[in-house]
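Here's the structure, in structure tokens; my notes come after.
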Amino acid sequence: MKKLPEQKIASRAGAQLGGETQIIGFRLPKDLAREVKVEATQRGISLKKLFAELWDQYKNLQKS
């Protein structure tokens, strides 16, 4: 069976993270979305990587 374009992208992303991936979606207010994108761009990382870093920090704070 031929993969759809979305599946190909997800497969490549999964390979980079060392496992399967799943798309999660949510909306942000425009100003917040802009801030998040600027932060990722300034740091030279993807939104996916920025979210993963933020989530790791959140989990660490919850342990404290």
Query raised in the report: What is the sum of charges around ALA33, taking Lys and Arg as +1, Asp and Glu as -1, for the other residues whose C-beta is under 15 Å from the C-beta of ALA33?
Result: +2
Query raised in the report: Can you list the aspartates and glutamates whose alpha carbon is less than 15 Å from that of LYS48, not counting same-chain residues fewer than 8 positions off?
Result: GLU20, GLU35, GLU39, ASP56
Requested in this report: Identify all aspartates and glutamates with a Cα-Cα distance to LYS63 below 17 Å; exclude those on the same chain that are fewer than 8 residues away in sequence.
Outcome: GLU53
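Bear in mind that the values in this text are calculations on the coordinates, not laboratory data. Given the structure is predicted, the values throughout are model-derived calculations rather than measurements. No Cβ is skipped: glycine too gets one built from the backbone with ideal geometry, and neighbour counts run over all protein chains shown.
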